[in-house]
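*Asks:* To start, I am sharing the structure in question, which I have written as structure tokens.
The values are calculated or read from the model by the stated rules, or taken from the named source; none is laboratory data. Everything quoted here is computed from the prediction, not taken from an experiment. Cβ sites come from the backbone with ideal geometry, for glycine too, and all protein chains shown count toward neighbours.
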2 protein chains.
Amino acid sequence: MNLLIQNGTILTMQNRKITREGAVAIEEQTIIDIGKTHELKRKYGRGYEKIDAKGKVVIPGLVNTHQHAAMSLLRGYADDLPLQEWLEKWIWPIEKYMTAHDIYVGALLTAIESIMGGTTTVNTMYHYTPEENEAKAFADAGLRGVVGHVCFSWRKSEDKKALEDLAKNWHNKANGLIRISVDPHAPYTVDPEYMKELKEIRENLNEKHGSRNTPIICHIHVAETEDEIEKIQSAFNVSVKNGIMEYLNSLAVLDNHVIAAHCVALTDNDVKVTKEREVKVSHNPISNLKLASGISPVPKMLKKGVTVSLGTDSPCSNNTADMFEVMKTTALLHKGSNKNPTVMPAEKVLEMATIEGAKALSWETEIGSIEIGKKADLAIVNMNKPHLNPIYNEASHLVYAAKASDVETVIINGKIVMEERRVTTVNPEKVMKMVEKAKIKLLERLNANVK
Amino acid sequence: MNLLIQNGTILTMQNRKITREGAVAIEEQTIIDIGKTHELKRKYGRGYEKIDAKGKVVIPGLVNTHQHAAMSLLRGYADDLPLQEWLEKWIWPIEKYMTAHDIYVGALLTAIESIMGGTTTVNTMYHYTPEENEAKAFADAGLRGVVGHVCFSWRKSEDKKALEDLAKNWHNKANGLIRISVDPHAPYTVDPEYMKELKEIRENLNEKHGSRNTPIICHIHVAETEDEIEKIQSAFNVSVKNGIMEYLNSLAVLDNHVIAAHCVALTDNDVKVTKEREVKVSHNPISNLKLASGISPVPKMLKKGVTVSLGTDSPCSNNTADMFEVMKTTALLHKGSNKNPTVMPAEKVLEMATIEGAKALSWETEIGSIEIGKKADLAIVNMNKPHLNPIYNEASHLVYAAKASDVETVIINGKIVMEERRVTTVNPEKVMKMVEKAKIKLLERLNANVK
């Protein structure tokens, strides 16, 4: 299908270029033209379905670079608890009883929520199972995503089988919507040898299933909390000097296709290594605050030239998949904690949620900005709302005033996946019923075993 | 009109009592009954308009205890700037050209936004003019509010006239929707003598226009930034020892009808004085972060038993009137900054946004909880949304996952002011057009004078 979005304000996010009274022409999956409406209207008349964006802002779809999509099933199950109690007494005990179907249903709910909030790409790390899984959920919802399998030292052979299957069945599949990643859980749960082996596995899988433009990346938690160095040292009897990123560097597992989530407890040396190795960062301010993990030194990393993108983290530690909230929290938090209201201006934050997100997933040749030749991943935000009036500066409104619910229409890979707030790919009412049923059964399994 | 809200989950916020399958009966302005739907249905049949709240949560309307409602006209006009540059080069120069009509229109826009986000009471401080003003805007929108006139040392006689007029025409007016306050701007802009005089003025106005249950309160900025002590000292050649609250106490201007906004830079002694004098606090985390003012010691104040409520601050330093955002930010910020994920649990934050807000405005005999005999100020939140599923705990969802846009129906003083997202009292489309026109004219006046 061909589309012409017209009469809108286009924030291309290509060098922050804004086109007013603008239009975007889309053929099949691809953006083929961007310009003034009166010009594009003449060029793309018949055969183009028109979308009127008058009074609206057109942005690249938001890129959420850290999720555990399946965990929406546990949204609000446990909050306001100390981290270890939260994990050990609440989250892990119930996760044991989650089935492949639960993972699919949870991820489907997150996919719907993501789309409804203008997010078009999600990077998710969870347990992969061949039957039902997050990749299938994203593909069914029409959401673009990098789907990983999370690896732990205690289940190496299981992991390897899962990674093989995931790469074979899902890398660059579903019309290119889905890519896959190799996900060592964290430096304190993956021993040094396995960490190296997983890098080799990634290289081998890339040779078989990847390409220069469609790489299989690595998604890992790094330095989420202050005590992580101690956890690594005591788990593997190694010495971690000069920080965790430096430790990973000493294992030779870092490269430009690694995305490290959190990066809260980084040393200055870590920041230097991150830049040198071109490791990408996913900043998750809401989760870091909610779990009291600390504040990532984002302004410092940006100053060094590190690619910093934004993530929500799981619906269990946030508790939404809302990238608008993450943008606002990012802009606010670093101003407050640095006592400087000029850091993290709106325009920069908007880049982090779009083009920097695409770079962080090694996907910037196809997504992250509205550019001719890129895939058509777009969100149209309706500004005709009391809380978005008057307008002086669109970027300011998108970061400081707009809400996920202001997103009206979403296009992914050239396909309209939400039109005037109605999701077109799956039925949200039906999915919510599936979720409720899955939740009840999950609690039944948990309670049966606890008793 | 009589109403019966039925089949909902009622979070009364009276001792955190929750009634499931619950109903609330309203006669004219007042809540007359609360209970199980099957019981209330029998008692309140004919003559009661029914509102179905199945799958929804009914909460007391949110109370926003610090606003400058008129400033929505400048939403997004200037952001990401150093505080003094922001004020002196951007905000104050343009505010000079704001007319009485601009103030009315801006406040009307904020009133609509507030209602659409489930806020039913707003405490606002701005310049009062008899012709058009914030009080009229709130009354027209059907929003409950405390409307103040902000006082400065440099315009004493003007202030006194404005306060007289405000009290006479608006205190306890519009069916009791509007109350008024006497608002010394801040300890660094109001000299000690004038500060004392304003307390006397408040007492006199209270004798004429107030009562024990309808007091005229005092609304003031206190300790918004770290340098405020210096600012006071250099402005008035006084010595401020042991903190700003202590300084105000030494002037004998503090009492239980004073609400102090921000309270960021409080000493431990200040916290003690705040408690002793029963001064109420309005916490504005989003504004404090955006302007890099610092972080208010809220957990410490709560521990001491201080009444801490929540505010958005102006749409210029936030940039919304969204109390859901403020609730989430409050819950997150203090966990993060105290490195303790158990502080500020969802239930407590919800209290701060409702019953504690009512107490902070000395209005708790009438609002802040769903109780028999109180005014019917309610918000109905639709939980049948992907991002609010599944449900384990309603309070968690309201604080961590719900958005202003999930509020479906709002009742203030027994009147439905929003029904299924349609505001019934004023026409938002029309108001947005008035706002755009006012903005253009304001910029014209500014530019004509700058040139």
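*Asks:* From B:THR124, B:THR120, which residue is among the hydroxyl-bearing types (Ser, Thr, Tyr), at pLDDT 95 or above, more than 17 Å from B:ILE217 (Cα to Cα) and under 15 Å from the mean Cα position of the chain (by Cα)?
*Replies:* Sole residue among the options that is among the hydroxyl-bearing types (Ser, Thr, Tyr), at pLDDT 95 or above, more than 17 Å from B:ILE217 (Cα to Cα) and under 15 Å from the mean Cα position of the chain (by Cα): B:THR120.
*Asks:* Right, here's the next one. Do we find a residue being more than 14 Å from every other protein chain (Cβ to nearest Cβ) and assigned to a loop (DSSP other than H, G, I, E, B) anywhere in region B:376-394?
*Replies:* Yes: region B:376-394 contains one or more residues that are more than 14 Å from every other protein chain (Cβ to nearest Cβ) and assigned to a loop (DSSP other than H, G, I, E, B).
*Asks:* Moving on. Any residue that is part of a loop (DSSP other than H, G, I, E, B) and of a type outside the set (A, V, I, L, M) - is there at least one of those in region B:195-209?
*Replies:* No, region B:195-209 has no match at all.
*Asks:* Same structure, new question: Which of the residues belonging to region A:44-79 are modelled with pLDDT of 95 or more and farther than 27 Å from A:PRO428 by Cα?
*Replies:* Those that are modelled with pLDDT of 95 or more and farther than 27 Å from A:PRO428 by Cα: A:TYR44, A:TYR48, A:LYS54, A:GLY55.
*Asks:* Within region A:260-319, how many residues turn out to be touching a Gly at 6+ places or on another chain (Cβ under 7 Å) and small (Gly, Ala, Ser)?
*Replies:* Here the count works out to 5.
*Asks:* Next up: For residues that are closer than 18 Å to A:THR120 by Cβ, outside any helix (DSSP H, G or I) and out of contact with any Phe, Trp or Tyr (no Cβ under 9 Å at 6 or more places or on another chain), tally how many sit in region A:337-361.
*Replies:* Result for region A:337-361: 2.
*Asks:* Pick from B:LEU109, B:LEU83: which is over 21 Å from the mean Cα position of the chain (by Cα), closer than 17 Å to B:ASP313 by Cβ and within 14 Å of another protein chain (Cβ to nearest Cβ)?
*Replies:* B:LEU83
*Asks:* To continue, here is another question. Return the residues of region A:266-297 that are crowded, with 21+ Cβ neighbours inside 10 Å and assigned to a loop (DSSP other than H, G, I, E, B); say none if nothing qualifies.
*Replies:* Scanning region A:266-297 gives A:LEU266, A:VAL279, A:ASN284, A:LEU291, A:SER293, A:SER296, A:PRO297.
*Asks:* OK, next. Could you tell me whether A:VAL349 is within 10 Å of another protein chain (Cβ to nearest Cβ), touching a helix residue (DSSP H, G or I) at 6+ places or on another chain (Cβ under 6 Å) and either buried (at least 24 other Cβ atoms within 10 Å of the Cβ) or farther than 25 Å from B:ALA401 by Cα (or both)?
*Replies:* Yes, satisfied.
*Asks:* Can you name the residue in region A:100-115 that is without any contact (Cβ under 8 Å) to a residue 40 or more places away in the chain and surrounded by fewer than 24 Cβ atoms within 10 Å (Cβ to Cβ) and, of all such residues, is farthest from A:VAL407 (Cα to Cα)?
*Replies:* By that ranking, first place goes to A:ALA100.
*Asks:* Could you please let me know if B:GLU364 is free of Cβ contacts under 8 Å to residues at least 40 places away in the same chain, assigned to a loop (DSSP other than H, G, I, E, B) and under 22 Å from the mean Cα position of the chain (by Cα)?
*Replies:* Answer is yes for this residue.
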